[in-house]
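Below is one structure, written out as C-alpha cells; comments come after it.
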Amino acid sequence: MIENNTREKEEKELSGNSRRDFLKKSSVITAIALTPVAAVKASDLKLDEKLSDAIEQMPLSIEINGQQHNLKVEPRTTLLDLLRERLKLTGTKKGCDQGQCGACTVHIDGVRALSCLQLAVMNDGAKITTIEGLSDGDKLHPMQEAFIKHDGFQCGYCTPGQIMSAVACIHEGHANSETEIREFMSGNICRCGAYANIVNAIKEVKEGGAI
Amino acid sequence: MSKKHLENADMETAMSRVDGRVKVMGAAKYTAEVQLPELTYGVLVESTIGQGVITALDTKKAEWAPGVIAVISHLNTPGVPEYKLQNQDVIQKQLRVFDSPNIYYNGQPIAVVVADTFERARYAASLVKVTYAKQQSYSNLEDNLSKAVVPKKAKSDPKGFTTDFLRGKAEAFRDAEFQVNEEYIQPSEAHHPMEPHSIIATWEAADKLTLVDKTQGSQQTAASIAKSFQLPPENVKVLSTYVGGAFGSALRVWPHEIVAILAAKKVQKPVKLVLHRNQMSYMVGYRPYTLQKVAIGASKDGKIVGLSHASYGKTSMYEEFTENVLIMSRMMYDIPNVDTKYRIVPLNVSTPAPMRGPGEATGSFALECAMDELSYKLNMDPIALRLANYASQDPDKKMPWSSNYLKECYELGAEKIGWNKRKAQPDANQEGEWKIGYGVATGTFGAFRGGASAKATFKPDGTLLLQSAIADIGPGTATSMTAIAAKNLGLAPEKISFQLGNSTFPKAPMQGGSNTVATVGSAIVATCDNLKVELAKRAAVQKPEWKNAIAKNIKIVGTQLINSDDASSKVEIASLFSQDNLAELVVKGDAAPGEESKKYSFYSFSVHFIEAHVHELTGVVKIKNAVSVIDCGTVVSPKTARSQSMGGIVGGIGMALMEEVVLDDRTGRTVTASFGDYHVPVQADIPQMDMMFVNERDPYLNPMGSKGLGEIVIIGVAPAVANAVYNATGKRVRDLPITPDKLI
Amino acid sequence: MNNFQYKRVSSPAAAIAELSKDPAAKLVAGGTNLIDLMKYGVMAPDKLVDVNHLSFDAIKKEERSLYIGATVRNAVAAGNADVLKYQPLLSQAMLAGASAQLRNKATMGGNLLQRTRCGYFYDISAPCNKRVPGSGCAALEGYNRMHAIFGASSSCIAVNPSDMNVALTALDATILVSGPKGDRKIPVSEFHRLPGTHPELDTTLDRKEIITGLVIPDNNFAAHTTYLKVRDRISYAFALISVAVAIDLDGTAIRDIRLAMGGVAHKPWRLTEAEQLLKGKQATVENFKMAAELAMKGAKAYEHNAFKLKLAPNTMIQALKTASGVKA
C-alpha cells in the first residue's frame, strides 16, 4: 500500500519546497502572461494570495432565479458551492458532493441537473432555477404545497432537491404512473424514507394539471 | 374491535408539519448554512493506515498553498485541556484528537487545513504528506473472536443487558424436541443522514465558545465540550435549529467537532467543518458488525422451552461500545429458560454508535429469524407460534406491562396484508418469474421518559411561543409539541410556535431512544397547565370564581378564557394583560417521571408484515407490500407519526436488502464509503405501505398516553423481510444484506 | 481538487489543438464522471477544455444507419423518437443507467469514456495500476465483488461501468473520432480495451483525439430487444450483471441475434459464440440455457465475485426469455 496520501503528480508538480517554487510551477502562472520573476516578487511581497485571486478566477455571467450575476470564480468552483458558499443560496443542498444523492438538484435552462457535478464556469450564460426561485414570492409552487400536504419529507434536507426533481419529472412527462414516478425519482435519496408520500405528492400535482 | 386504531386514511388528513413551509422553500438553515462574518473552512486530513504511528507530517506545501491560514495536527494543536487531566497512557472514551502520533483506525483525523475558501482548504489538505511506521491492523470480527471481552459495562451496570444472564437452566433448548441453532450476521451499517455532519465553531472570547452544530442534543453537546475545554458550562452555547437527519449519529461529540474547535482557537476566526459523504461512514459512528448465535428449543405445541443468545460486536481500540442486542430475548416471549452472553471485540475501527433501533434492531434480526425458522420446523404458523409464547407480563423484570397490544397488532396486520394468502410451505407460491413470500416479525423497544422543562411566552393577541432545548432530527418535534399544546390549551395550532435546538433553552434530553414526546411533551403539558393557572389567577382579579379553577378545566376559546366548570364565567384574554399593563406572560414548567417504572414495565411494540417477490433467476427482491401495526400508546401527531413509521420501514428494508459497510481487512479501510458503493433504498425500492396504530392509551408513562415510536418502526423489519424471502424461495439468508447474489 | 485552466471551445479543431498543446488537458462535457474523479484527486488535469458547445448535438436517421452526435445528452437520446423506433435497446440501456439528473448532463461521448467504479481506483491511498501505473492492483486480493470475470489481467480486474456501452456493443456501433491526423472510425468492439499490462488505458482513443459522434447500422431487432440489469437495488446503482439482447425473430426462429454483457469485463463483453449458437435456432429456454453455458466459457472468478458465474448466465437466460417472449 502507498503510505502517503499525496499524489504522484503533485510530487512532480511541487518537487521544490519553497514558496517561489510553488508559484513558478503553479499552473496559474502558465495561464497568464506574467513572468515568474514578477510572480516571485509578488510572493516576496506576500501578495501571492491577492495575485492568485486575480489570476485563478474567471468571469462568470449567470442568471439565477431571474437575477443576473456577474461574478469572478475559480474554475474549480462547482455550481453547488457557488450557490451555497458565495451567493448564500443555501436551499440547494450538499448531500454527497459526488452525484450520488440528488440533494443538489437544480434546473439548468429548465432541465434538472446535479449542481455538484457542474463547474460554475461551465454554466456561463445559463439560467438556473433553485428552490428559492420556485415559489412565486410568498405563494408556494403547487409541488411545494403538495409536499406539505402529503408530508413528503421529515428532516427536510433532501426536500429542495426532491421538489426540483419532482417538478422536472412532470415536465419531462415521466410522471404517468406510480412505477414511472418511482423510477424517475430514484436519483433523489431520502434517508428519512418519505418516498411513498413523495409519490403521492407528485401524483396529485400531475393529476391536478397545475404544472 | 371498535375502530379506535388509525389507518393511512385517518392520518393523511391530520395536522401538517408546522415547519413544512420553511423546509419546502429551502429557507430552513441547517448547520453549514448559518452565515457568519469572516468564516473560514476546515478540511480534514485522515490516516490511510489502520494502525501505527505517524513518523513525519510534512505540512509545508499545504501551508503555502493559496488561501491557507493554518494546518493543525498533533505537532501544533492548541490542545484539549481535559486530556491533561486524564491518564496519558490510556486512551479512554473519546478518541483524543491530535493528542499523539498514534493511529488507531484507518480514516482517523490526523490534521486539519483551514483556508479562506472550501476549494482551497480541500486542495491544500491533499498536499499534506504523511509518513507512517505502519503496524498490522485488525478489523475482521471472525478472525479476532479470540480477543472478545466482557465489556466493562457488565460490571458497572450488572442489571443491564451486557452482563451474562441466566433465567432457569442454561442451554435448555438442547432438551427440546424441536430446535433451531444458528448464527446470524448483522454487518456494519452507516447512519448516512442526508445532511452531512457539520459544525461552525467560534471562540467569542478566550473562555467563551459558540457552536452551530449538528447534534441530537444541544445541551449535552455543550456540556461535553465545556468539560473537554474546561470552560464554564454557561459559556458554551450550541445551536442546532435544523438537523438534516441523524438516526443516532449525532448523539455525542465526535472528533471532527473537537477538531473544528481547536482550529477556531488556532485561527481566531469561525471555522466551518463539513464532513464529506464518505467520511460519514467512519467518522460519526455506525451500527456495529455483530455476530449472533441463537438457539431455541420448543415442544411440539410451539411452547418454547429454552433460548440461548450470544452476541459478539465490534468496538474500537480506545473505547467500549455496547448496545442492547439481547434485551428482546429476555423479555419478548414467555420462556422459562433463557441464557444470554454479550461480548465485544476491540479492533482497529472507529467507535460505533447507536443507530436507529440500536441493539434491539440487531438482536431482533437474529431472534425473529430464529422464531421463523422454528415455525417451519414445527409446521406452525409464525403468528401462532408467537401467540403461543406471548408474555402476559414482562418475564425479565417480572412486572406487568404498562400496556401491551401485541395481540391486536398481529390481528390487524394479518388481516391488512392478507396473511391467509401466505403458503405454509416455502417456495410454493409463484406468479410468472416471481416467487412470492410473506414474512412477519415483532419489534419492541423500551418506552422511556426523562425530565425536561419548557418555557411559554403568551401574548395578548393569543399567540404562544414555546421553547425547549430539544433537537428535531426529522420526526416533527415542533409539530407534535404544537399538537400537545393546542390540545391542552384549546388554542389553534396556528397561534402556537415552538422553538428548539438551542442549548440556552429550557432543559431537554437528547433526541434519541424514542423518548422526546414522552419527556418534552410532558414538560409542555406542565407548562401549559402552569400557564392556565397563571391566567386563572389573573382572571380572578376580574371574576373571583376563577380562584378555584383547575388547569384541566381551563381552555382558551377564541379570544376568551373558559372554565368548563363554570361555562358562564368567561374572560377576554387581552384584558388579563391590559389589567396589569403586561406585554407578555412568561411561564415555565418542569416535568419528570415518577415512581411508575417501579411498578410497570414500559415497552412499545410493533409487528411488521412484508410481502416480498423474488425473481427466480436473478435473485432480485422487490418489496411489494409492507404493513406495520404499532402499539405506541396514543398517537399525538398522526400525520408525522405515520411518516416516521414509514421511514423506519424504509430503513429496515435497507438494512435487510442492501446496506453494508465493508472494510478491506488488509488495511482497515472502508471500501463502501460512498453513496455509490453503500446502497440505501431509493424511491424505486419502496412500495406504498400501510401504517396502522392501535392508538390505545398507555395509562402510566405520561399525561399524553403515548409511548415511544422512532425505534420500534425499524426493529423487526429486517427479519420480516428475511422471513418473507425465505417463504418465497426456501432460502434462509442469515447474513445481511440479502443481495441478489445470495438468492441464486 | 487542484485549480486548473478552463477553456470553452467552439470548434472541434480548437478542442484538438488544446489537447495537442497540453498533455495534461482533458475534455469536459457533462462532467458527471470527470468532476467526480477530480474531487477525489483521482484525476488532476491542468486544463479543462469544455466541448459542450460543439455542434455535435444532432440525432439523424440516415439511409442505413442512425447517427448520434457526441454531445447529445443521454436523456435526449433515450427519449428520441428515432432512437426509440430504430434502436430501442440503446434507449433501454441508457435509461437503466444513473439517474434522470445525471442523464440530463451525461453525453454520448462522455459515457463512452466513463471510467471504472472500482473502489480502489477511487481511493487514492490504495495501489491501482489504472490510476498510478505500476503501483499494483488492490482489487485482485481485495473486495472484488463488483469486478471482472472475463478478460481481466493480473494488472487490473476492473469493469466498465457503462450501460450505454453494452448496448452499443451489441448493436455494432461505430465511434466517429477526429484528431490531428484527421477523422477515423473505430468499431465499438475495438474502442474499449482489455486491461492487459496497460489498464491505465480504457480505450483506443488517442489522447489528442475527440469523439464527434457514433453511428449504429440499421437492423431488424427493434421488436425484440431487452436490456436487463441486475443490481443491489432496483434503480440508481451499477450493474452486478447486465445483459443486452437484440433478436431478429421469425416466428419462433432466431434469424439473427446480438448479445452483450455488462459488469463482467474491462470492456462491454460481446457474446459472439453464444450468438452463433442461437442463430438459426428456435427460441426455446433449452437453447437459451445452452447459449448461456457457452457464454460463460473462460470466465474466472475472484474471492468475492464467484456469484457472477451463476448470475451472469441466469440474467442472460432471463433477458433472452423477455426479448423473445418465450416463457418456458
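The values are calculated or read from the model by the stated rules, or taken from the named source; none is laboratory data. Nothing here was measured: the structure is a model prediction, and the numbers come from that model. Backbone-built Cβ (ideal geometry, glycine too); neighbour counts: all protein chains shown. Ligands, DNA and RNA are stripped out before the accessible areas are found, and what is left, the full protein with its side chains, is counted by its heavy atoms. Shrake-Rupley method; radii C 1.70, N 1.55, O 1.52, S 1.80 Å.
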*What are the residues whose amide H is under 5 Å from the amide H of B:Ile69, where those residues sit 5 or more places off or on another chain and H is modelled from the backbone?*
B:Val114, B:Ala115, B:Asp116
*Which whole number gives the average, over all residues in A:136-144, of C-beta atoms from other chains lying within 10 Å of the residue C-beta?*
2
*Write down the percent of antiparallel bridges among all DSSP beta bridges whose residues are both part of region B:228-383, to the nearest 5.*
45
*Residues of C:17-24, mean number of Cβ from any other protein chain within 10 Å of their own Cβ, rounded to a whole number?*
1
*Convex hull projection area averaged over all views, chain B, Cα basis, nm²*: 33.5
*Would you please give the FRET efficiency between B:Ser569 and B:Glu7, computed as 1/(1 + (r/R0)^6) with r the Cβ-Cβ distance and R0 = 35 Å, to the nearest 0.05?*
0.25
*Add -39500 (n - 2.57) for each DSSP H run of 4 or more in chain C, then divide by its residues: what number comes out at 222 nm, to the nearest 500 deg cm²/dmol?*
-7500 deg cm²/dmol
*Considering amide H positions built from the backbone, and no H for Pro or chain starts, which residues 5 or more places from B:Asn625, or on another chain, come under 5 Å of its amide H?*
B:Glu611
*Cα centroid separation, region B:178-231 to region B:645-710 (Å)*: 19
*So for the pair B:Gln542, B:Asp334, with labels modelled 7 Å out along Cα→Cβ, what separation do we get in nm?*
5.8
*Residue-count net charge about C:Ala138 - beta-carbon cut-off 13 Å; Lys, Arg +1, Asp, Glu -1*: -1
*At a Förster radius of 41 Å, what calculated FRET efficiency corresponds to the Cβ-Cβ distance of A:His171 and C:Glu63, to the nearest 0.05?*
0.75
*With a ≥ b ≥ c the root eigenvalues of the C-alpha gyration tensor of region B:452-592, is it rounded (a/c under 1.5), prolate (a/b larger than b/c) or oblate?*
prolate
*Near the amide H of C:Arg270, under 5 Å away, which other amide H atoms are found, from residues 5 or more places off or on another chain, if H is placed in the peptide plane?*
C:Met261
*Please report, to one decimal in angstroms, the Kirkwood hydrodynamic radius of region C:225-324 built from all distinct Cα-Cα pairs.*
13.5
_Relative contact order computed over region B:222-278 (Cα-Cα under 8 Å; 6+ residues apart), in percent_ = 23
*Hey, how much of the P(r) for chain C falls beyond 27 Å, as a percent of Cα pairs?*
43
*Where both residues lie in chain B, what percent of DSSP beta bridges are antiparallel, nearest 5?*
75
_Relative contact order (%) - criterion: Cα under 8 Å, at least six apart; region: region B:629-703_ = 50
_For C:Leu34, what accessible surface area do you get with a 1.4 Å probe? Give it in Å², rounded to 10._
20
*Determine the calculated [θ] at 222 nm for chain B from helices alone, applying -39500 (n - 2.57) to every DSSP H run no shorter than 4 residues and normalising by the residue count; nearest 500 deg cm²/dmol.*
-7000 deg cm²/dmol
*Extending each Cα 7 Å along its Cβ direction at B:Gln688 and B:Lys159, get the distance between those two points in nm, one decimal.*
4.8
*In range of the label at A:Glu204: residues from region B:620-643 whose backbone nitrogen is under 19 Å from the point 7 Å along Cα→Cβ*: B:637-643
*Using a 10 Å cut-off on Cβ to Cβ distances, tally the other chain neighbours for every residue of A:123-135 and report the average as a whole number.*
2
*Accessible surface buried upon B-A contact (total; probe 1.4 Å; Å², nearest 100)*: 6400
*asked:* Under 19 Å from a point placed 7 Å out from the Cα of B:Val586 along the Cα-to-Cβ direction: which residues of region B:490-510 have their backbone N that close?
replied: B:497-508
*What ranking do B:470-480, B:263-273, B:596-606 get when scored by the average of other Cβ atoms within 10 Å per residue, highest first?*
B:470-480, B:263-273, B:596-606
*Find the relative contact order for region C:5-52 and round it to a whole percent, using C-alpha pairs within less than 8 Å whose residues are 6+ positions apart.*
56
*Area hidden from solvent between C and A (accessible, protein heavy atoms only, 1.4 Å, total, Å²)*: 3500
*For region B:614-630, Karplus couplings with θ = phi - 60° (6.51, -1.76, 1.60), whole Hz, Gly/Pro x*: 10, 6, 5, 9, 9, x, 5, 9, 10, 7, 8, 7, 9, 10, 10, 10, 10
*How big is the gap, in Å, between the Cα center of region C:152-204 and the Cα center of region B:12-70?*
39
*With the other protein chains left in place, how much accessible area per residue, in square angstrom, belongs to the protein assembly as shown at a 1.4 angstrom probe?*
34
*Give me the angle, in degrees from 0 to 90, between the Cα long axis of helix C:285-295 and the longest principal axis of the Cα atoms of chain C, rounded to the nearest 10.*
40
*Packing-based ranking, highest mean first, of C:83-93, C:199-209 given that Cβ atoms within 10 Å are counted*: C:83-93, C:199-209
*Please give the peptides B:420-427, A:58-65, C:58-65 ranked by average Cβ packing (other Cβ atoms within 10 Å per residue), highest first, as a rough proxy for protection.*
A:58-65, B:420-427, C:58-65
_Charge context of B:Thr640, other residues only, Cβ under 12 angstrom, K/R +1, D/E -1_ = -1
*Solvent accessible area, Å² - C:His224, 1.4 Å probe, full protein context*: 50
*Measure out, as a whole number of angstrom, how far apart the alpha-carbon centroids of region B:472-491 and region B:297-365 sit.*
35
*Summed for both chains, how many Å² of accessible area, to the nearest 100, are buried between B and C with a 1.4 Å probe?*
2600
*Contour minus end-to-end for B:Lys598 and B:Asp175, with contour as 0.36 nm per residue of separation and end-to-end as the Cα-Cα distance?*
148.8 nm
*Take every DSSP beta bridge with both residues inside the protein assembly as shown and express the antiparallel ones as a percent of the total, to the nearest 5.*
80
*What accessible surface, in Å², does a 1.4 Å probe find on B:Lys29, ignoring ligands, DNA and RNA and rounding to the nearest 10?*
80
*Could you run the Karplus curve 6.51 cos²θ - 1.76 cosθ + 1.60 with θ = phi - 60° over region B:535-548 and give me ³J(HN,Hα) per residue in whole Hz, x for Gly and Pro?*
5, 5, 4, 6, 5, 5, 5, 7, 10, x, 4, 5, 4, 9
